[in-house]
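The values are calculated or read from the model by the stated rules, or taken from the named source; none is laboratory data. These numbers were taken from a predicted model, which means no experiment stands behind them. As a convention, Cβ positions derive from the backbone with ideal geometry for all residues, glycine included, and neighbour counts pool all protein chains shown.
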Amino acid sequence: MASIASQVVFHPVVSQSLRVGNTTLGRDKTYRAVQYFARFVAWYLLSKGKTVDAARWNALKSHLALARKLLRLGKPVEHLQLALKAAMAAAPPAEQMSTIARQLAYFGYLSFDALVWASNIKFLTLTPETAQKIARISNRFWLAGIIVSLTHGAIKTARLTKEAKSLKAQHMSEKDFGEAQALAQQVVAIEAARVAAREQIYIDALDVWLPASALGLANMSEGFLGIAGFLTSIMALRKSWATAGASSK
């Protein structure tokens, strides 16, 4: 019995799950997945007229949203650091500028989001109009960040596609075995970067409807928004899972 228990407790999947959960990003994306799943379930139950059951899921969604705001209190500074690093790094101008703009937009989004959290927990006393205005500013920064991220992803994907084609052509014509192997490795690295850039585009293409709907710029149902947020959370969690798996090797 003890042997079976140890096999379960020390199973690699359990260990990797703990490594993901030990990171702020891992916890945030896990909470986010449950939050948006709860949003979808609440919408579904309301559509069936089950208001009591829907209220439980709505409460779960609201509490997780509040908890995630607390987890993200230090994130604005992190995005400022990332913007500064991008400014100092060598990169194509368009990609560099879009990276800086994206990080600054997320800095603004999370800074105002922290004020929303402080208002929600009654730490700050704001009028309903002021609180609503701050929430709208936060969502505008969020929307701007996603739009810039989509632009960045498109520019980067186009560049990587062009580079991959060029390297593949060089690889096909290269007669030296060592040079051919080096080119092949470069192609693999570029393809991996291109896949990552495309995946971020998919995430942004779904997430963009969340702030757009909050601002009244789109009229998506709560069910669609719940599923969209859930899917992008799972996609982000998969990245954290892969990172945790690589760090254990």
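Going by what's in this entry, would Gly26 be described as crowded, with 20+ Cβ neighbours inside 10 Å and farther than 14 Å from Gly226 by Cα?
yes
Would you confirm whether or not region 64-74 contains a residue that is more than 19 Å from the chain's Cα centre (by Cα) and either surrounded by fewer than 15 Cβ atoms within 10 Å (Cβ to Cβ) or acidic (Asp, Glu) (or both)?
no
For region 97-114, enumerate the residues that are touching a Leu at 6+ places or on another chain (Cβ under 7 Å) and either within 22 Å of Leu206 (Cβ to Cβ) or of a type in the set (A, V, I, L, M) (or both).
Hits for region 97-114 are Gln103, Ala114.
Rundown of residues vs (1) at pLDDT 95 or above; (2) touching a Cys at 6+ places or on another chain (Cβ under 7 Å); (3) not polar (S, T, N, Q), yes/no style:
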| residue | (1), (2), (3) |
| --- | --- |
| Ala2 | no, no, yes |
| His11 | no, no, yes |
| Asp28 | no, no, yes |
| Leu46 | yes, no, yes |
| Ala67 | no, no, yes |
| Ser98 | yes, no, no |
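Could we say that Leu167 is outside any helix (DSSP H, G or I) and surrounded by 13 or more Cβ atoms within 10 Å (Cβ to Cβ) here?
So Leu167 does not fit the description; no.
Within region 199-214, take every residue that is among the β-branched types (Val, Ile, Thr) and part of a helix (DSSP H, G or I) and give me the one that is surrounded by the most Cβ atoms within 10 Å (Cβ to Cβ).
Ile203
Within region 60-106, can you find the residues that are assigned to a helix (DSSP H, G or I), touching a residue at least 40 places away in the same chain (Cβ under 8 Å) and farther than 18 Å from Trp142 by Cβ?
Of everything in region 60-106, those that are assigned to a helix (DSSP H, G or I), touching a residue at least 40 places away in the same chain (Cβ under 8 Å) and farther than 18 Å from Trp142 by Cβ turn out to be Ala94, Glu95.
Select from region 116-154 the residues that are of a type in the set (A, V, I, L, M), within 20 Å of the chain's Cα centre (by Cα) and farther than 17 Å from Ser213 by Cβ and list them in ascending order.
Hits for region 116-154 are Val148, Ala154.
(1) farther than 25 Å from Lys75 by Cα; (2) among the charged types (D, E, K, R); (3) outside any helix (DSSP H, G or I): which one isn't true of Lys122, the others all being true?
The one condition Lys122 does not meet is (1).
Only one of these is assigned to a helix (DSSP H, G or I), surrounded by 14 or more Cβ atoms within 10 Å (Cβ to Cβ), of a type in the set (Gly, Ala, Ser) and at pLDDT below 95: Ala144, Ala131. Name it.
Ala131
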